[in-house]
Amino acid sequence: MDSDPAPRRQRGRPPLPQKKIIDTAIQIIDRDGADALSFRSLANRLGSSTATLYRHVANKTELINLVFDQILGEAQLDRIELQRLPWDEACRRTTARVFHALSGHGRTAALLAEVVPTGPNAMAAREDLMNVLTAAGFEPLQAARIVATLGHYALGFAIQTPTIAGTDAAKVPGLSQPDPTDYPVTASVADHLPLPLAEEFAFGLDLLIDGLRKQCPRHDP
């Protein structure tokens with residue numbers, strides 16, 4: 001009686017969709033923090049191997065860039081919609097959307113501070129907003145500086161989200177009951193401290209936009 005044929009040896013593991021790799025990387029960082037992300041931890045979570053991952057992503061820097069680009073895609077305004085807005089409102093909405101998208105992945109945002117975004121969504125978002133700014137009269141280099149500043153502003157606030165989320169005055173005794181003799185002004189507003197992060201973000205963004213208006217070549221004194 002003939003024996004059953006020996007099973008074929010599999011040549012490596014099946015390929016992985018890139019989006020699944022990125023989604024899983026985001027899940028690891030959001031749950032366990034940036035230090036938990038490695039090719040080994042990612043491969044284990046995917047039930048794959050590091051060799052398979054390296055066929056899709058060259059290194060950790062590229063992986064972080066892909067993660068950032070996917071999150072940034074959630075924040076991107078439609079190009080036509082953006083061009084219809086006044087330049088200052090385009091800056092405000094874009095920055096706010098980036099902040100809110102990154103705030104949903106606060107731990108991931110901290111890791112993204114290590115890279116300069118160059119993925120397709122990042123490049124398109126940068127180009128679209130710079131087009132709006134140059135159309136308003138800003139020089140291209142000035143427009144590039146504005147876009148970078150607004151991006152860093154949004155990222156800086158988003159990084160604080162996991163640390164500050166849920167914090168209120170009752171959890172910060174030094175702010176809730178400051179000595180009115182030593183800190184009379186702080187004591188006068190203690191009921192409002194610490195300020196909600198989103199409120200601080202909006203206040204600071206107003207200041208940035210107001211300052212940019214004064215630098216606009218078409219600014220009316």
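Within region 26-55, take every residue that is β-branched (V, I, T) and under 20 Å from L112 (Cα atoms) and give me the one that is farthest from the chain's Cα centre (by Cα). Working first, answer last.
Just the residues of region 26-55 that are β-branched (V, I, T), to begin with: 26, 28-29, 50, 52.
So of that shortlist, the ones also under 20 Å from L112 (Cα atoms) come out as 26, 28-29.
Numbers: I26: 12, I28: 16, I29: 13 Å.
Selected residue: I28.
Yes or no, residue by residue, for (1) at pLDDT 80 or above; (2) of a type in the set (A, V, I, L, M):
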position	(1), (2)
Q142	yes, no
R145	yes, no
T149	yes, no
D168	no, no
A187	yes, yes
A190	yes, yes
L193	yes, yes
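Please go through region 55-92 and pick out each residue that is crowded, with 16+ Cβ neighbours inside 10 Å, among the charged types (D, E, K, R) and within 15 Å of V147 (Cα to Cα).
In the first step, residues of region 55-92 are kept if they are crowded, with 16+ Cβ neighbours inside 10 Å; the result is 56-57, 60, 63-72, 75-77, 82, 87-88, 90-92.
Next, from what is left, pick out any that are among the charged types (D, E, K, R): 60, 69, 88, 92.
Once the filter is applied, which keeps residues that are crowded, with 16+ Cβ neighbours inside 10 Å, among the charged types (D, E, K, R) and within 15 Å of V147 (Cα to Cα), region 55-92 yields D88, R92.
Residue under question is T118, and the condition is that it be touching a residue at least 12 places away in the same chain (Cβ under 8 Å), more than 25 Å from Q215 (Cα to Cα), part of a loop (DSSP other than H, G, I, E, B) and of a type outside the set (K, R); does it hold? Yes, satisfied. Within region 201-216, can one find any residue that is more than 27 Å from the chain's Cα centre (by Cα), in a helix (DSSP H, G or I), aliphatic (A, V, I, L, M) and at pLDDT 85 or above? Looking for residues that are more than 27 Å from the chain's Cα centre (by Cα), in a helix (DSSP H, G or I), aliphatic (A, V, I, L, M) and at pLDDT 85 or above, one finds none in region 201-216, hence no.
For beta carbons closer than 7 Å, sequence separation of 6+ or different chains, a first residue in region 179-194 that is free of Cβ contacts under 8 Å to residues at least 12 places away in the same chain and assigned by TED's automatic domain parsing to the domain that holds Q160 and a second that is assigned to a loop (DSSP other than H, G, I, E, B) and of a type outside the set (A, V, I, L, M), the qualifying pairs are T186/P178; A187/P178; A187/P180. When you go through (1) under 30 Å from P194 (Cα atoms); (2) touching a residue at least 12 places away in the same chain (Cβ under 8 Å) one by one for G156, which number turns out not to apply? Condition not satisfied by G156: (2). Residue pairs whose Cβ atoms lie under 7 Å apart, sitting 6 or more positions apart in sequence or on different chains, and linking a residue in region 44-63 that is in the same structural domain as I26 (by TED's automatic domain parsing) to a partner that is in a loop (DSSP other than H, G, I, E, B) and surrounded by fewer than 14 Cβ atoms within 10 Å (Cβ to Cβ), are T52/G12. Residues that are buried (at least 19 other Cβ atoms within 10 Å of the Cβ) and more than 8 Å from the chain's Cα centre (by Cα) within region 93-105 comprise T94, T95, listed in sequence order.
The values are calculated or read from the model by the stated rules, or taken from the named source; none is laboratory data. Remember, it's a predicted structure, so these values are computed and weren't measured experimentally. Here the Cβ is made from the backbone with ideal geometry for all residues, glycine too, and neighbour counts use every protein chain on show.
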